[in-house]
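Engineer: Here's a structure for you.
Derivation of every value follows stated rules applied to the coordinates shown; laboratory data play no part. Just so we're clear, the structure is a prediction, and the values are computed from it rather than from any experiment. Positions of Cβ are generated from backbone atoms using ideal geometry, with glycine treated the same way; all protein chains shown enter the neighbour counts.
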Amino acid sequence: MTEDEAKQIILDNLQAKSKTKSKFYLKDFYAMIPDMKNRDVKNLVNRMVGQGLLEYWSSGSTTLIGLKGMGKQHSEED
């Protein structure tokens with residue numbers, strides 16, 4: 001599987017679930033691409049954050065990841 005295919009799988013999964021959930025734990029990304037090693041998935045997610053496709057959100061004790069610009073906190077900022 002190429003990196004672009006893995007990115008598309010992640011984006012498709014997040015968009016499909018965006019009506020019910022906007023932020024995900026890193027372990028949720030591992031389940032989306034079970035063929036890849038966890039470390040490779042983590043590095044891919046970090047690159048996607050750097051590219052502006054995804055963003056981190058932290059409550060202070062927990063870090064979640066979601067599509068950039070999605071979620072309740074973004075709708076409140078408008």
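Engineer: Counting other Cβ atoms within 10 Å, which trypsin sites (Lys or Arg not before Pro) in the stretch 3-49 have at most 16 and lie in a DSSP loop?
Structural biologist: Values: sites: 7, 17, 19, 21, 23, 27, 37, 39, 42, 47; in loops: 19, 21, 37.
Those that pass, being in a loop and sparsely packed, are 19, 21, 37.
Engineer: Using +1 at the Cβ of each Lys and Arg and -1 at the Cβ of each Asp and Glu in the chain, identify which of 66, 38, 56 lies farthest towards the dipole's positive end.
Structural biologist: My answer, from the dipole projection, is 38.
Engineer: Report, to the nearest 10°, how far helix 3-17 tilts away from the longest principal axis of the Cα atoms in the chain, using its own Cα long axis and a range of 0 to 90°.
Structural biologist: 40
Engineer: A further question follows. Only counting other Cβ atoms within 10 Å, I'd like 20, 62 sorted with the fewest neighbours first. Numbers along the way, then the final one.
Structural biologist: Working: 20 6, 62 9.
Ascending Cβ contact count within 10 Å gives the list 20, 62.
Engineer: Next up: Test of understanding: what is the full-extension gain from residue 56 to residue 16, defined as 0.36 nm times their sequence separation minus their Cα-Cα distance?
Structural biologist: Numbers: separation 40, 0.36 × 40 = 14.40 nm, distance 1.89 nm.
Gain on extension, residue 56 to residue 16, equals 12.5 nm.
Engineer: On C-alpha positions alone, give me the angle between the axis of helix 38-50 and the longest principal axis of the chain, in degrees, nearest 10.
Structural biologist: 50
Engineer: Helix-derived [θ] at 222 nm for the chain: sum -39500 (n - 2.57) over DSSP H runs of at least 4, divide by residue count, nearest 500? Numbers along the way, then the final one.
Structural biologist: On the way: 4 runs with 41 residues, N = 78.
Per the formula, -15500 deg cm²/dmol.
Engineer: Which whole-number percent gives the relative contact order of the chain, counting Cα pairs below 8 Å spaced six or more residues apart? The partial results should precede the final answer.
Structural biologist: Values: 67 pairs, mean separation 25.5, N = 78.
Value for the chain: 33 percent.
Engineer: Follow-up. So if I place +1 on the C-beta of Lys and Arg and -1 on the C-beta of Asp and Glu, and nothing else carries charge, what would the dipole magnitude of the stretch 10-68 be about its Cα centre? I want it in debye, nearest 20.
Structural biologist: Values: 10 positive and 5 negative charges, 23 e Å.
Using Cβ point charges on Lys, Arg, Asp and Glu, the stretch 10-68 gives about 120 debye.
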